[in-house]
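Step one of this worksheet: look at the structure below.
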Amino acid sequence: MKNNNDTKLIMVVEDEHPISDVMAEALTDEGYKVIQAFSVEEGLKQLETMTCDLISLDLNLADRLDGNDFLERLPQYNSDVPVIVVSATPNKLAKAHKQVKAVLPKPFDLNNFLDLVAREIG
């Protein structure tokens with residue numbers, strides 16, 4: 001466990017359970033608290049009752065709403081939380097969003113992902 005700061009809360013919005021589980025386990029091992037959401041609706045519902053320090057977001061969610069929809073609605077819940085987009089199709093990011101701090105194409109290097117998280121929130 002490397003993170004010595006107060007425990008930071010990270011939401012992983014990823015519909016592929018194996019990928020979400022690997023990300024969550026790696027983040028937990030680094031000392032972060034992790035919440036998993038498997039759809040846009042689930043992620044936004046969780047944001048109604050909690051505040052995250054960072055969100056990892058897939059763009060292609062098997063849902064009626066995708067990552068771009070999530071980014072459009074996010075400011076209603078938290079306009080400051082940084083977002084790292086982790087997607088097999090990063091070119092599908094509809095427009096620049098001030099909350100998107102990094103874009104990581106899939107397949108991704110887990111250590112690179114953890115470095116991006118640490119850079120954003122410590």
- [ ] Heavy atoms only, probe 1.4 Å: what % of the accessible area of the chain goes to carbon and sulfur, would you let me know?
- [x] 47
Task: Reach of Lys8 by Cα under 12 Å, taken over aspartates and glutamates that are not fewer than 8 positions away in the same chain - done: Glu30, Asp53, Glu120
Open item on the list: Once you order the gyration tensor axes a ≥ b ≥ c over the Cα atoms, which shape class does the stretch 67-122 get: rounded for a/c under 1.5, otherwise prolate or oblate by comparing a/b with b/c?
Closed with: oblate
Open item on the list: Run through the stretch 24-122 and list the GluC sites (Glu not before Pro) located in a DSSP loop whose Cβ has at most 13 other Cβ atoms within 10 Å.
Closed with: Glu48
- [ ] Determine the relative contact order of the chain: mean sequence separation of Cα pairs under 8 Å and six or more apart, normalised by residue count, in whole percent.
- [x] 23
Task: Choice from Lys101, Lys33, Lys45 with maximal GNM fluctuation in the chain (Cα, 10 Å cutoff) - done: Lys45
Task: Accessible solvent surface per residue of the chain, calculated while the other protein chains remain in place, 1.4 angstrom probe, Å² - done: 52
Open item on the list: Multiplying the sequence separation of Val22 and Asp6 by 0.36 nm and subtracting their Cα-Cα distance, what value in nm do you get?
Closed with: 3.5 nm
Task: Candidate values (i) 1.07; (ii) 0.92; (iii) 1.04, label of the one derived for Rg/Rh (Cα atoms, Kirkwood Rh) - done: (ii)
TODO: Could you tell me the largest-minus-smallest coordinate of the C-alpha atoms of the stretch 11-56 on each of the three principal axes, in descending order and whole angstroms?
DONE: 26, 21, 11
Task: lysines whose Cα lies under 17 Å from that of Lys92, excluding same-chain neighbours fewer than 8 positions away - done: Lys101, Lys106
Open item on the list: Counting other C-beta atoms within 10 Å, and keeping those with at most 15, which DSSP coil trypsin sites (Lys or Arg not before Pro) do you find in the stretch 56-94?
Closed with: Arg64
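The values are calculated or read from the model by the stated rules, or taken from the named source; none is laboratory data. Quick caveat: nothing in here was measured; it's all calculated off a predicted structure. Counting neighbours? That spans all protein chains shown, and the Cβs are built from the backbone with ideal geometry, glycine included. Side chains are part of the model used for accessible areas, which takes the heavy atoms of the whole protein and leaves out ligands, DNA and RNA. Shrake-Rupley method; radii C 1.70, N 1.55, O 1.52, S 1.80 Å.
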